[in-house]
Amino acid sequence: MRRPAASVSVGSKLQSVAKKSKEMIHFSRDQLMGSAFVAFGIILFVGFFYAAVVSKMLPPYENWLLAAIQNDRYYCLLVPLTLPVIIVAVYLHWLSMKMFKHA
């Protein structure tokens with residue numbers, strides 16, 4: 001069975017979809033800043049994860065910078081040991097705000 005030829009309305013629908021997509025691409029400054037912060041956080045997470053975990057499992061490097069990252073013992077412990085300190089700091093902040101609020 002033959003399919004009917006495409007009508008003119010299909011082309012106009014595609015043009016209207018293109019117009020709507022151009023109109024929807026407008027981002028506010030806050031959305032762009034938020035996206036930049038999220039992207040920066042993801043990049044930092046990937047970098048620290050590489051330095052802490054992945055580089056230790058790879059064979060030795062010839063490059064001096066990558067070899068220094070691989071042989072490092074500070075940053076691979078920094079992030080995991082920072083988490084308990086952050087938890088205590090958040091608790092103390094909450095406690096001090098409660099005491100201030102009810103004093």
Scan the stretch 74-103 and report the pairs whose first residue is within 15 Å of Val53 (Cβ to Cβ) and without any contact (Cβ under 8 Å) to a residue 24 or more places away in the chain and whose second residue is open to solvent by 100 Å² or more (accessible area, probe 1.4 Å) and in a helix (DSSP H, G or I), with Cβ atoms within less than 7 Å and a gap of 6+ or a chain change. none
Identify, please: which residue in the stretch 18-46 is open to solvent by less than 90 Å² (accessible area, probe 1.4 Å) and modelled with pLDDT under 90 and is, among those, farthest from Leu81 (Cα to Cα)? Ala18
Kindly indicate whether any position in the stretch 77-93 is open to solvent by less than 70 Å² (accessible area, probe 1.4 Å), over 21 Å from Gly41 (Cβ atoms) and of a type outside the set (Ser, Thr, Tyr). no
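The values are calculated or read from the model by the stated rules, or taken from the named source; none is laboratory data. Bear in mind that the values here come from a model prediction, so they are computed numbers and not experimental data. Positions of Cβ are generated from backbone atoms using ideal geometry, with glycine treated the same way; all protein chains shown enter the neighbour counts. These area figures cover heavy atoms from the full protein model, side chains too; ligands, DNA and RNA do not enter into them. Shrake-Rupley method; radii C 1.70, N 1.55, O 1.52, S 1.80 Å.
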